[in-house]
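The values are calculated or read from the model by the stated rules, or taken from the named source; none is laboratory data. Remember, it's a predicted structure, so these values are computed and weren't measured experimentally. Cβ coordinates were reconstructed from backbone atoms using ideal geometry, including for glycine residues, and neighbour counts include every protein chain displayed.
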Amino acid sequence: MISIVIPTFNEVQNIIPLIKNLIVLISDFEYEIIVVDDDSPDGTSEEVNKYMKLNNRIKLITRIGRSGLSSAIKEGLIFSQGKYILVLDGDGQHHPSFVIDMINVIKKKKSDIVIGSRFLNTSKLEGLSNKRTLGSNISNKLARISLHRNYSKLTDYLSGCFCLDREKTKKFIRKIEINGFKFLYELLALSKGDLEVNEVPLIFKERRFGNSKLDIAIVWDFLVSIIHNLIFRLLPRRAISFGLVGISGVFVQLFIFSFLVEILLFDFYRALPFAIVSAATSNFLINNQVTFRSERLKNSALYIGLFKFLIVASLPVIANIGITTAFYRYITADTFIAQIAGIAIVYAWNYLASASFVWKKSI
């Protein structure tokens, strides 16, 4: 049996043509096509529901209160029944002709994974702009550095199109963190070079309808994923993200402090509290957008969350001011070193306390 998993969000104009094209290609197989939709407001689930009445091999998972590409893929894979499971995007940019090639390769070479690569010599990129191509090339080079050397021959670590042997990959699938940047990258990282992986060339078409889902949060996820893998997954992904946001807060604090002292002529003791509170507010807003975006606070909850975050941060803020002032008075008059010493103590408390109290996320 062949299972095809298609994660979707707002693909109402793309999904039925894609399903029809796939059915023509795999009609000689026993198959199921599983659409995993994140409760698209454009009616994607409704269109799939209508089509299911014509073909009982089409299945639909409509997720309420859950979202995210990696988690949708994981849910679809666990739900599927096939010996071989194919994953492809619901936007129609992956030309469906690759499906038969992937099935043939995974059978003939007894592969664990077959990737539809956008970057083999015989691949065709019709729907990838020069900017996206450059970004993908840079991302793939970073991915290659962070993954096991057994995968160094691969060309597309971030493909949204791949085929898996269920039995050989299921133990890794269940371990994948749902907030990972790309499901395939996370699978390769977890397997530590133990899987046999091959690639087939992919035709990547232009998107006909809808908009790309690539945004700053996805780029952020990739950076977190790379660091997570390079440090041997010793820290939780959210802790890494929280730490990176904290680094940005360092620059905010130093900038605000310098502005108040150099431009507005505040003295050290008056400028420091303003700088620290500004950095804490910046950290909250950025973490709300990236680190805890699946629990993102909006509208009035955002202001309540900021108030809670400042309460959580208040003890370390007091400690920050005290330690910074002590360094400035008794150890060094270097304001930069003094501030870094204060900043260093707040990270662990802020992460653990704010995750559970502000965003109500268990660690």
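Let's see how each residue does on (1) under 30 Å from ASP42 (Cα atoms); (2) assigned by TED's automatic domain parsing to the domain that holds PHE336; (3) surrounded by 15 or more Cβ atoms within 10 Å (Cβ to Cβ):
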| position | (1), (2), (3) |
| --- | --- |
| VAL224 | no, no, yes |
| PHE255 | no, yes, no |
| LEU260 | no, yes, yes |
| ILE263 | no, yes, no |
| PHE274 | no, yes, yes |
| SER278 | no, yes, yes |
| GLU295 | yes, yes, no |
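Can you say whether ILE2 is in contact with a Phe, Trp or Tyr (Cβ under 8 Å, 6 or more places away or on another chain) and of a type in the set (A, V, I, L, M, F, W, C), as far as the supplied structure shows?
yes
I need the helices (runs of 4 or more DSSP H) fully contained in the stretch 22-125, keeping only those with at least 1 residues that are touching a helix residue (DSSP H, G or I) at 6+ places or on another chain (Cβ under 9 Å), surrounded by fewer than 20 Cβ atoms within 10 Å (Cβ to Cβ) and hydrophobic (A, V, I, L, M, F, W, C).
Because the criterion is at least 1 residues that are touching a helix residue (DSSP H, G or I) at 6+ places or on another chain (Cβ under 9 Å), surrounded by fewer than 20 Cβ atoms within 10 Å (Cβ to Cβ) and hydrophobic (A, V, I, L, M, F, W, C), the helices (runs of 4 or more DSSP H) in the stretch 22-125 that meet it are 69-79, 98-108.
What is the number of the single condition among (1) modelled with pLDDT of 90 or more; (2) under 23 Å from ASP165 (Cα atoms) that ILE64 does not meet?
Condition (2) is where ILE64 drops out.
Residues checked against (1) touching a helix residue (DSSP H, G or I) at 6+ places or on another chain (Cβ under 9 Å); (2) modelled with pLDDT of 90 or more; (3) in a helix (DSSP H, G or I):
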{"residue": "PHE181", "(1), (2), (3)": "yes, no, no"}
{"residue": "LEU187", "(1), (2), (3)": "yes, yes, yes"}
{"residue": "LEU190", "(1), (2), (3)": "yes, yes, yes"}
{"residue": "ASN198", "(1), (2), (3)": "yes, yes, no"}
{"residue": "ASN211", "(1), (2), (3)": "no, no, no"}
{"residue": "ILE218", "(1), (2), (3)": "yes, no, yes"}
{"residue": "PHE222", "(1), (2), (3)": "yes, no, yes"}
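I need the full set of residues from the stretch 151-179 which are part of a strand (DSSP E or B) and among the aliphatic types (A, V, I, L, M), in order please.
Hit for the stretch 151-179 is LEU164, nothing else.
With PHE274, PHE255 as the choices, which residue is of a type in the set (Phe, Trp, Tyr) and modelled with pLDDT under 95?
After applying the criteria, what remains is PHE274.
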